[in-house]
Structures are given as C-alpha cells and as structure tokens.
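Asks: For reference, the structure I am asking about is given below.
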Amino acid sequence: MAAFAKAKTPLTIVQNKNSIPTWRDGKSVFTNTSLIEVFAAIERQFDVTIEISRINANRKFTGFFSYEQLENALEQVCYPMNIKYTIEGRTVQLSN
Amino acid sequence: MQRLYYILLCIVGITISAKAQQVKIPTSGTFVSVEDVVTFFKDQHNLQFSYDVAQMQQAFIPINDTTLSIEDFTEVLKTIAITLKKDKKGNYFLIQSNEENSYCVTIKDTHSNLALPNVTIYNGDEYLGITDFSGTANLEIRPGTLLTYRYTGYKSVIQHVSLSNDCITLMLKDDVQALEEIILTNYLTRGLVKNKNSSLTLSPKTLAILPGLVEPDVFQSLQLVPGINSPGENPASLHIRGGTPDQNLLLWDGIKIYQNSHFFDQITSFNPYITKKVDVYRGGTSVRYGDRISGVINMQSDDDLFDTFKAGGGMNLLGGDVYFKIPIFKKLGILIAGRRSLTDLYQSFTFNSISSKVFQNSRLDASEDIGIENETPLNYFFSDWNAKLMYKPNENHSYTLSIIKIKNTLNNNNKGVRDNEPFQIGDRLEQNNWGGSFTWLREKEGLTTKKFQLFLSDYSSQYNFEFISENEGASNLIATRINQVTEFGYDLSYDIPIGKYHHVLIGNQLQTTNVSDGVFDIFNVNGQEIFNIIGLVTTQGRTNLIGYLEHRYDADNLFLSTGIRAEYNNLVGLLFEPRVFASLKLSNSLRLTTSLERKNQSFSQINNAQIEPDFYNLLPAANQFWSIQFQGTEGNFEFLTQKSNQLTVGALYKKNGWTAELEGYYKKIDNTTSQIDTFITSVNTIEQQTSLTPGLAKRYGLDFLLKKRIKNYKAWLSYTWAKNTVQYRDFQSLAFPEPFDQRHRFNLSQTYSYNHFEFALGWTYGSGLPFTKTTTGSIQEITDLRANNNVYGNRLPDYHRLDLSTIYHFKNNGRWNGKVGFSIRNLYDRRQDIQTNYSIGIDDQNDFFLQSTTNESLKLTADMVFRISF
C-alpha cells in the first residue's frame, strides 16, 4: 500500500493522460442513476440478460462501465455497490 | 480470483501515476459528505468516481483545512471504513463494507456529570433511538455517520462516528439561557434544579427515583423539598411555608387551575409524562404572578413535537396513561395525552388502601361498620386529558394552543334501615376543570422576549346527597352543593435586555372571574318540596386589571430584582404589591439570598359547617368551595382581600459534594378567613354567629437541607421548623395554632443506583397537629375553652413512616425505553391519628353539639408501575 503514502504537502496535479486513450467513446457514465437503468444499459451493450430480482435495484449509482468486456463492466458497477455476480452463458445472476 | 487480479492491477496503476491531486474545500472546520468531496475532485480535476450514492451521501469526513489531497482523502476514508481504489485508467472506486459497527455512547450533563436518559438520537432526519436511564445507547451504524443528539433544554450536539470510537462519553450543555439562571443542578436529586432567583425547576421525566414514589407525581415529589409538605399526608395537597393548598397559584400552560387533584388529594391532576418542567416559587415571587398569597407552581407541557413520532404509556395499580406526539409538518406538531383510573376494571389493594384513608369515618369506608350496607363496590373514577397544537415557524417564534380537562366522579348507592324504615342513600359527586390557552412567544438570546397569552378556565363541582325512604309517603331529602368558577384573562409581557447586565420586564394582565356557590337542601315531605338554604348562595364577579414592572440586575456576583405589581379590581379598588429579591455570591461555595414581597388573594377554598344528624352525613371530602371573601351580612357587605407580607433570608453552601441550604422566613397575613377551619365554622353555626371578623395570621419558619453525593449514592436530610398561628379577636383573645401547624418535620432520604436498578428509602418524622379536645361538645364547654385560651390547645402524637421504592430499567435496544417499579408507603404499617375534623351533631333534645372525628394516616400501601416509551 505504499502507493497511498500520505503526502503532507500535496503536489500540483498532473493528469496522467497516458492512461486514458480510449475513455471518451469506450464507456457509459452515470450520475445518481438507479441500478435498474444501469444494468439495462449493460444488457443492451453486451446483449445479455441480467437477473436483478435478488438485489435492491432502486439503489442509486454514480460511476461508469467500459465497453471492452462484460466482466470488466460488471466489476466496475458491482464492486462499489457491494453486489456479487455470476455469469452463466448469456445470463448474469446478481446477489447481495 | 478475478477481483483480486483486478485490484492488483489498480494498485500497480496507482504506483505508476502517484501524482498528488488536491482540491479546494469551501467549508472547512466542519463535516462534509464523501459525495460532496468527490464532487469537488470531479469538478476541479475532471476525475471519474464510481460509488453507491446513498452510502456516500450519509458518510461524512472531518475537514480541517481548506485543501485536501487525494492521498489525505484516501487516508481519512480509511477511518470510516471506506476504501478508495484507482484502476489503471485513472478511474476511482469508493467501496464501503456493508457491515454496521456496534457503537455505544453515554450522554452526560456537563454541569453535574450525571447521566441523561431519553436523549433522542438522529442520523439526519432519521430517528435512531434514545438513551436509557443510565444515559447510554447502543447502536448499529456505519462509520462516517453524523449523529445528532437532541434533548429538551439542552443544546443539540452533532457527533461524527469513525472506526476508532467504540464506546464514548459525550457531554451535553444546557441551553445558554437556562444555564445562566441555574445555581444548583441537583437540588435534591437529578431533575430538580435551583435557579438564581431562588425558584426551583422540576422536570418530572428526568427526575431520579424518590422514596415511596414509582411515578413522578408532580406535587408528591415536591413534598421532599424543605418548606413544602402536606401535614395531612395527602400527596396532592401542598402547604408551602404555612400557606394552604388554595393559596398556591397553579398554572398549566398559563391556564389557572382550580382542581389540583384526583381522588381527593391522593394524585396530582397533572400528567407528569407530558410535563416538560415545573417552576416552583416558595418565596421571592416574580411580579408576573399574583392573586394567590402562597407558592407558585407553573407547569409547562412538552414541546418536543416536531422531530419524530413519539408515544408512551404505562399502568399502575390505580390507573393508566398513554400519550402521542405527532409531527404533522416539520414546524407543526400535536400532543395528545390521556390518563384515567382503571377502578371500573379492577379495584386493587392500592385503591382499597387509599380509599380507606380518603373515606374513613364516612359511610363509603367499607371497613367501618356504621349500620349501612354498601350496595355496590366504591364507584369512583378520574381522568385527565391534554391536547396541544404547536406551530413553530422558526427557532424564535412559537404559537401554541393547549387544552386540559380534569374530571372526577363518584357515584355511590347504599342501603340501610332506620326505625324499621328501609332507605337508600346516594352520593353523587362530579368535579370538572377544563381550560384552554393560546400562547404566542418570541424568544431569542439577546433580544426582547415577547409573550402574549390568553386563557380560559372553567371549574365546576356538584355534589348531590340523596336520602330516599323506601316507605310510601315518607320524607325524602336531596342535599346539593354546587361550586363554579369561570375565569378568562390575558397576559402580555415584554422582557427587554439593556446592556450586558440589565433586564426590564413590563407587562399587563386582565382577568375576569366569576364564582358561584350554592349550598341547599330540598326536602320532600308528603309530596311537598321544601327548599332550604343551608350555607352560601352567592354569585360574584371580579374583574381586575394588572400592570407589572420589574428590573433585574444580573452581574457575576450579584443578582438583584426589584419590581411592583399594581392591580385594580372592582371589588376592593387599588392594590400594590412590591417585590424585591437579591442573591449575593460571596465565594464559589457560598451564596446569600433575601426577598421581600407582598401578595393579595380574593378567593379562598372554604369549608361549610356540616350538620350531621345521626342517620346521615354528607361526604366531608365534598365539602370545599371556592368563594370570594367577604364580611358582614346582607345590606352591609364588605369584600376582603387577604394580604400577605413575606420576608425570606437564606444561605446556600456547597463544597466537595456537600450542599447545605438554610432559609428562614416570616410572613404576616391580614384579613385571613376563619371559614377554612371546620372547628370555627362549626362553633359559629352552633352559636348562630354569621361570620367572624377577619383574622391576623403569622408564619415563622426555618428550612434546612443537607445533601451529600458519593458517586451513585445520594443522601439528603431536610428539616423544617415552623410556627403557624392565627388570631380571631372575637373568637379567642390570644392567637392559637392553625389546624395544620406542624412544628417539626424531618426527612432523611437515600437513593442508590446500580446497573439498571434504582433504589430509594426515605424516613419522615413529623410532630402532631393541634386539635381541640372536647368531651361533650356543648356550648358551655366551648365557651370555657375559649375563655381559657385553649382552642387548639392539644396535640396529636408525633408520627413517622418509612417509604421505599425501586425501579428496574429494561436494557435499551436504542428504540424504546421501559421500566417496572415497585413502591411501598408506610413500610412498617404504622397506623396513627393524623388530623382532626369537626362537625355538628344533634342530640335527643334537638340541640347542636360539636363533634370531632380524627383521621388516621395511610396504612401500608404498595404500588407497582410498568411503562414503555418510544
């Protein structure tokens, strides 16, 4: 965890431009959006069926998912929202 | 597995781009929600964050600087169990574990270091729970939550929960205004404070346990204060420094109340569970208060009606109660509360024991054999109801509508046989006092306090005694006793601060009072009605206009209040009441006080002489009338006002957990009425005198209190020496003791709390009350008594009793509080003569004679209570 070493006198910011070559068109961004809409967008993007009945899908999410891979997209949403997922073919099961 | 890989990637990514990013925070020195901080990073640096919105809105971090770097942000987030991760593309993820942490807090009063129960805890607008009796609450909450602690009369406190807290203690401060005025926070115990102006403030709900009490009965609690007692051992009948109960001014939300009790002085008629505070003056009365010459008991109902729905209820062996506090909008709230006896459902041993005290020496006492059968069990009922609507558009303004209704009914039927003639006897009593008030109040620290209050009070008492012969054509009797008081008035006042040390209070009141009395019998002999006026039949109105002015100087070491209350009324004209109070702080441990005051009173609660033929008697308990005071006979009428001048001198000393208080007083009362004394009224009636010239009464007294607290153990000792005399020149040449004159009264109380238990034990010793010893009760005997200055020349024996109580508080789960309590009054069941009453008997020659009955103290009486509130 050395990366998080506390800097007492913060340095000036330099955006690391190298790490975001494709972000502009490679992802969907959400602000205060219900999970119903977020997972519907993932379903459309990756042509899968996401089973949301076992979670509280009314919770609000701020963030994004990228278009590269279904797994990455799910991780990017489920990780901060504390949701577990399993992929079975074209179906994704969500649980708390 | 995949997740681990992903996180690893993130860390690597961050290591590569470990460049600090910093944001400006506009509001430093406070708590800011994580979402707000994230927004700053987004806006100022165009960073991308992913998070659960609800969680990050409710998680707060302390901000002490105007700037924050992403690294510092990451570190601070760790203290509230939030992880900030960054992926290789520079996107941030905020993750809070779903776990709630157990967290406990104990709330104490800054001043006294004593625990505060019933403090409400909120997360924003969400109500989380309340502290239990030990001031502790256990909560399951997420770190980062901002908790708000609210408690009536105290400043609210906001507290941030981080991972490092597990069990902390938090101190709550009184509202500045209240704090300035208090000089002793635990006068006897928690919930009773002594103010700078020498008045006391009782908070029934925070009151710690008191001996013999499981419910915080307002008046009964006050009887532990030196100088306040009940010589007849009646919980609701307060004698304050030689004053009778009718000489106390009782105000409920500004409504003047004429019915002080349920069950004939055994229960105070005010619901303690919705009483916010009670201000009590024994002396040094403010110019706001008048029309009564003894103490002031100013009660205010609860005003915590806005935050959340609250309810509570309880039951003891006499009755039950329930209350609801309902917020309608954020600024509008309703209070509804009711209390009633459950005697119609069951008659407990507590009820039986109390009723045998109340009705002793009368036909309603089941334990007495007086040749009369009780046809039904004692049919007695009481209730009180409160409703309050409060609108508070902002912190400083409030509009309040308050309504109270107090009701007592007795309905009893008995059967008997006299001269082989069967008869029925009925006792029907109904007493009601209902009232309402409207109050507008503007109160803000440093600004003029403005108050406008309108009130209406309506008291009525009707007693019917029915004697009905079951033989055809025999004579029947209906005796009726009616008393009605209707009062309407307003109070307008301005309390103006001038500079740092001065306050001026200026106000105006108008009151219209109408009092009616009717004491008459209707005989029905052979179908013909004979109407017979026995006592007073009067209707009298009084209108008074009052102006008052008071200046207060309040510096560090001296508090000085000087004022005048001027009244004009249509009965006696102009009255002036100067009032002065001074309190001097000599050192941190010693304070001296003195007061000088004058008060007037035109209405008194009097007794009517009771003529009791052998075959029936009226209920002594129903023989009290509010009446205007006058002398002379028809055509030669003069209204009288009792005038009391009082001097009080006192000292208060506190050091190392010890508190000592000594107060002495002298009071001179002109124009007293002899009609409160059953001995004099009976003798007058036998001698066919109409009324006596008014008397001159004197009160001398010393009140002493010594208190010591050692952690959870508290003990106090109070002692009162008093001398109460009165002189009626045309009755006896010398002054004689008042019937309630108790020379010595001593009380030793101890309370101890251990875990969830509270215990209290109190021992009271009182010297016997005076009585006049007669053998035959003939006119000759009484004339001799008076010639020899022997009126009230004898004393009943001294008495003592031991009371105990214990309360168990249920463990608090943060949502509701509960308790069970148990009390015993007169633990060693000492039965003793305590008070003598007089009435008129009729002998075989149809001549009157004086007879007396002596009542005993309450026998061993146990009570239990169960309560919950949430």
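Asks: Of all residues in the stretch B:522-547 being surrounded by 13 or more Cβ atoms within 10 Å (Cβ to Cβ) and farther than 27 Å from B:E638 by Cα, which is nearest to the chain's Cα centre (by Cα)?
Replies: Kept after step one, since they are surrounded by 13 or more Cβ atoms within 10 Å (Cβ to Cβ), are these residues of the stretch B:522-547: B:522-524, B:534-536, B:538, B:540-547.
Narrowing the set further to residues that are farther than 27 Å from B:E638 by Cα leaves B:522-524.
Working: B:I522: 41, B:F523: 43, B:N524: 46 Å.
It comes out as B:I522.
Asks: For B:L68, indicate whether it is out of contact with any Phe, Trp or Tyr (no Cβ under 9 Å at 6 or more places or on another chain), surrounded by 20 or more Cβ atoms within 10 Å (Cβ to Cβ) and over 30 Å from B:T185 (Cβ atoms).
Replies: Values: out of contact with any Phe, Trp or Tyr (no Cβ under 9 Å at 6 or more places or on another chain): no; surrounded by 20 or more Cβ atoms within 10 Å (Cβ to Cβ): yes; over 30 Å from B:T185 (Cβ atoms): yes.
Criteria not met by B:L68.
Asks: Determine if the stretch B:342-351 includes at least one residue that is at pLDDT 85 or above and under 27 Å from B:V280 (Cα atoms).
Replies: No, the stretch B:342-351 contains no residue that is at pLDDT 85 or above and under 27 Å from B:V280 (Cα atoms).
Asks: Can I ask one more? Only one of B:S162, B:S199, B:S203, B:S261 is of a type in the set (S, T, N, Q), surrounded by fewer than 21 Cβ atoms within 10 Å (Cβ to Cβ), over 20 Å from B:A115 (Cα atoms) and touching a residue at least 24 places away in the same chain (Cβ under 8 Å); which? Steps first, answer last, please.
Replies: Working: B:S199 fails: surrounded by fewer than 21 Cβ atoms within 10 Å (Cβ to Cβ); B:S203 fails: over 20 Å from B:A115 (Cα atoms); B:S261 fails: surrounded by fewer than 21 Cβ atoms within 10 Å (Cβ to Cβ).
None of the others qualify; the one that does is B:S162.
Asks: Which of the residues spanning the stretch B:116-131 are of a type in the set (S, T, N, Q) and not in a loop (DSSP other than H, G, I, E, B)? Explain how you work it out, then say what you get.
Replies: From the stretch B:116-131, those of a type in the set (S, T, N, Q) are B:118, B:120, B:123, B:131; that's our starting set.
Answer for the stretch B:116-131, where residues must be of a type in the set (S, T, N, Q) and not in a loop (DSSP other than H, G, I, E, B): B:T120, B:N123.
Asks: So, in the stretch B:683-705, how many residues would count as being more than 30 Å from B:T659 (Cα to Cα) and either modelled with pLDDT under 90 or among the acidic types (D, E) (or both)?
Replies: Matching residues across the stretch B:683-705 total 11.
Asks: On to the next question. What residue, of B:N600, B:N569, B:N608, is free of Cβ contacts under 8 Å to residues at least 40 places away in the same chain and buried (at least 19 other Cβ atoms within 10 Å of the Cβ)? Walk me through it before giving the result.
Replies: On the way: B:N600 fails: free of Cβ contacts under 8 Å to residues at least 40 places away in the same chain; B:N608 fails: free of Cβ contacts under 8 Å to residues at least 40 places away in the same chain.
Sole residue among the options that is free of Cβ contacts under 8 Å to residues at least 40 places away in the same chain and buried (at least 19 other Cβ atoms within 10 Å of the Cβ): B:N569.
Asks: Residues of the stretch B:14-41 being facing chain A (nearest Cβ under 9 Å), over 12 Å from B:T66 (Cα atoms) and modelled with pLDDT of 65 or more, which ones?
Replies: Hits for the stretch B:14-41 are B:Q21, B:E35, B:V38.
Asks: Here is a follow-up. Pick from the stretch B:90-109 the residues that are among the polar types (S, T, N, Q) and surrounded by fewer than 15 Cβ atoms within 10 Å (Cβ to Cβ): which of them is modelled with the highest pLDDT?
Replies: Start the filter on the stretch B:90-109 by keeping residues that are among the polar types (S, T, N, Q), which leaves B:91, B:96-98, B:101-102, B:106.
Now restrict to residues that are surrounded by fewer than 15 Cβ atoms within 10 Å (Cβ to Cβ): B:97-98, B:102.
Details: B:S97: 76, B:N98: 69, B:S102: 80.
If we take residues in the stretch B:90-109 being among the polar types (S, T, N, Q) and surrounded by fewer than 15 Cβ atoms within 10 Å (Cβ to Cβ), then B:S102 is modelled with the highest pLDDT.
Asks: Same structure again: In this structure, does B:T79 turn out to be of a type in the set (S, T, Y), in contact with a Leu (Cβ under 7 Å, 6 or more places away or on another chain) and under 18 Å from B:L146 (Cα atoms)? Even if it seems obvious, please write down each step before you answer.
Replies: Numbers: of a type in the set (S, T, Y): yes; in contact with a Leu (Cβ under 7 Å, 6 or more places away or on another chain): yes; under 18 Å from B:L146 (Cα atoms): yes.
Yes: the conditions hold for B:T79.
Asks: Quick one: which residue in B:L702, B:L692 is under 23 Å from B:R282 (Cα atoms) and of a type in the set (A, V, I, L, M, F, W, C)?
Replies: Numbers: B:L692 fails: under 23 Å from B:R282 (Cα atoms).
It is B:L702.
Asks: For the stretch B:269-291, check the following and say yes or no: at least one residue is farther than 21 Å from B:G191 by Cα, β-branched (V, I, T), crowded, with 22+ Cβ neighbours inside 10 Å and touching a Lys or Arg at 6+ places or on another chain (Cβ under 6 Å).
Replies: yes
Asks: Return the residues of the stretch B:214-244 that are of a type in the set (S, T, Y), part of a loop (DSSP other than H, G, I, E, B) and either farther than 26 Å from B:T673 by Cα or touching a helix residue (DSSP H, G or I) at 6+ places or on another chain (Cβ under 8 Å) (or both); say none if nothing qualifies. Break it down stepwise before answering.
Replies: To start, the set of residues in the stretch B:214-244 that are of a type in the set (S, T, Y) comprises B:221, B:230, B:237, B:244.
In the following step, the residues that additionally are part of a loop (DSSP other than H, G, I, E, B) were identified as B:230, B:237, B:244.
If the condition is that a residue be of a type in the set (S, T, Y), part of a loop (DSSP other than H, G, I, E, B) and either farther than 26 Å from B:T673 by Cα or touching a helix residue (DSSP H, G or I) at 6+ places or on another chain (Cβ under 8 Å) (or both), then B:S237, B:T244 are the ones that fit.
Asks: Yes or no: the stretch B:841-855 includes at least one residue that is assigned to a loop (DSSP other than H, G, I, E, B), more than 29 Å from B:Q732 (Cα to Cα) and touching a Lys or Arg at 6+ places or on another chain (Cβ under 6 Å).
Replies: Pass one, the stretch B:841-855, residues assigned to a loop (DSSP other than H, G, I, E, B): B:843-847.
Remaining after also requiring more than 29 Å from B:Q732 (Cα to Cα): B:844.
Going one step further and asking which of them are touching a Lys or Arg at 6+ places or on another chain (Cβ under 6 Å), we end up with none.
No: the stretch B:841-855 contains no residue that is assigned to a loop (DSSP other than H, G, I, E, B), more than 29 Å from B:Q732 (Cα to Cα) and touching a Lys or Arg at 6+ places or on another chain (Cβ under 6 Å).
Asks: For the stretch B:395-422, which residues satisfy the criterion of being closer than 30 Å to B:E443 by Cβ, touching a residue at least 40 places away in the same chain (Cβ under 8 Å) and in a strand (DSSP E or B)?
Replies: B:H397, B:S398, B:Y399, B:T400, B:S402, B:I404, B:I406
Asks: Are any of the residues in the stretch B:768-791 among the hydrophobic types (A, V, I, L, M, F, W, C), under 29 Å from the mean Cα position of the chain (by Cα) and in a strand (DSSP E or B)?
Replies: Residues of the stretch B:768-791 that are among the hydrophobic types (A, V, I, L, M, F, W, C), as a first pass: B:769, B:771, B:779, B:782, B:785, B:787, B:791.
In the following step, the residues that additionally are under 29 Å from the mean Cα position of the chain (by Cα) were identified as B:769.
Now drop any that are not in a strand (DSSP E or B), which leaves none.
The answer is no; no qualifying residue exists.
Asks: Is it true that some residue in the stretch B:789-802 is in contact with a helix residue (DSSP H, G or I) (Cβ under 9 Å, 6 or more places away or on another chain) and crowded, with 19+ Cβ neighbours inside 10 Å?
Replies: Filtering the stretch B:789-802 down to residues in contact with a helix residue (DSSP H, G or I) (Cβ under 9 Å, 6 or more places away or on another chain) leaves B:790-793.
Those still in the list that are crowded, with 19+ Cβ neighbours inside 10 Å too: B:791-792.
The answer is yes; a qualifying residue exists.
Asks: So, one more: Among the residues of the stretch B:752-765, is any modelled with pLDDT under 90 and part of a loop (DSSP other than H, G, I, E, B)?
Replies: Within the stretch B:752-765, one or more residues are modelled with pLDDT under 90 and part of a loop (DSSP other than H, G, I, E, B).
Asks: Could you please find all residues in the stretch A:37-57 being within 11 Å of another protein chain (Cβ to nearest Cβ) and at pLDDT 90 or above? Lay out the reasoning, then the answer.
Replies: Within the stretch A:37-57, the subset within 11 Å of another protein chain (Cβ to nearest Cβ) is A:38, A:56.
Answer for the stretch A:37-57, where residues must be within 11 Å of another protein chain (Cβ to nearest Cβ) and at pLDDT 90 or above: just A:V38.
Asks: Quickly run through the stretch B:417-437 and pick out the residues that are in contact with a strand residue (DSSP E or B) (Cβ under 9 Å, 6 or more places away or on another chain), surrounded by fewer than 18 Cβ atoms within 10 Å (Cβ to Cβ) and either more than 19 Å from B:S383 (Cβ to Cβ) or among the aromatic types (F, W, Y) (or both).
Replies: Selection gives B:V417, B:R418, B:E421, B:P422, B:Q424, B:G426.
Asks: Residue by residue through the stretch B:47-70, note down the ones that are touching a helix residue (DSSP H, G or I) at 6+ places or on another chain (Cβ under 6 Å) and of a type in the set (D, E).
Replies: none
Asks: Considering every residue within the stretch B:108-131, establish whether at least one is at positive phi, in contact with a helix residue (DSSP H, G or I) (Cβ under 8 Å, 6 or more places away or on another chain) and within 14 Å of chain A (Cβ to nearest Cβ). Reasoning before the result, please.
Replies: At the first step, the residues of the stretch B:108-131 found to be at positive phi are B:113, B:118, B:124, B:129.
Now restrict to residues that are in contact with a helix residue (DSSP H, G or I) (Cβ under 8 Å, 6 or more places away or on another chain): B:124.
Checking the rest, the ones that are also within 14 Å of chain A (Cβ to nearest Cβ) come to none.
No, the stretch B:108-131 has no match at all.
Asks: Here is a further query. Considering only residues of the stretch B:588-613 that are closer than 29 Å to B:L571 by Cα and hydrophobic (A, V, I, L, M, F, W, C), which is modelled with the lowest pLDDT?
Replies: Applying the filter and picking the extreme gives B:A609.
Asks: Do any strands (runs of 3 or more DSSP E) entirely within the stretch B:53-106 hold 2 or more residues that are more than 10 Å from chain A (Cβ to nearest Cβ) and under 21 Å from B:D43 (Cα atoms), and if so, which? Lay out the reasoning, then the answer.
Replies: Working: elements: B:60-63, B:67-69, B:82-86, B:92-96.
Strands (runs of 3 or more DSSP E) meeting the threshold: B:60-63.
Asks: Within the stretch B:722-749, can you find the residues that are in a strand (DSSP E or B) and either among the basic types (K, R) or in contact (Cβ under 8 Å) with a residue 60 or more places away in the chain (or both)?
Replies: Of the residues in the stretch B:722-749, the ones in a strand (DSSP E or B) are B:722-727, B:736-737, B:744-749.
Matches in the stretch B:722-749: B:A722, B:K723, B:N724, B:R745, B:N747, B:S749.
Asks: Can you tell me which residue in the stretch B:710-737 is modelled with the highest pLDDT, limited to those that are in contact with a helix residue (DSSP H, G or I) (Cβ under 9 Å, 6 or more places away or on another chain) and buried (at least 17 other Cβ atoms within 10 Å of the Cβ)? First the steps, then the outcome.
Replies: Here is the first cut: in the stretch B:710-737, the residues in contact with a helix residue (DSSP H, G or I) (Cβ under 9 Å, 6 or more places away or on another chain) are B:726, B:728, B:731-733.
After this cut, where a residue has to be buried (at least 17 other Cβ atoms within 10 Å of the Cβ) as well, the list is B:726, B:728, B:731-732.
Values: B:V726: 96, B:Y728: 92, B:F731: 90, B:Q732: 92.
Here the residue is B:V726.
Asks: Moving on to the next point. Which residue pairs have Cβ atoms closer than 8 Å, lie 6 or more positions apart in sequence or on different chains, and pair a first residue in the stretch A:67-85 that is touching a residue at least 40 places away in the same chain (Cβ under 8 Å) and at the interface with chain B (Cβ under 9 Å from one of its Cβ atoms) with a second residue that is surrounded by 15 or more Cβ atoms within 10 Å (Cβ to Cβ) and charged (D, E, K, R)?
Replies: Between residues of the stretch A:67-85 that are touching a residue at least 40 places away in the same chain (Cβ under 8 Å) and at the interface with chain B (Cβ under 9 Å from one of its Cβ atoms) and residues that are surrounded by 15 or more Cβ atoms within 10 Å (Cβ to Cβ) and charged (D, E, K, R), the close pairs are A:M81/A:R59; A:M81/B:D52.
The values are calculated or read from the model by the stated rules, or taken from the named source; none is laboratory data. These numbers were taken from a predicted model, which means no experiment stands behind them. Positions of Cβ are generated from backbone atoms using ideal geometry, with glycine treated the same way; all protein chains shown enter the neighbour counts.
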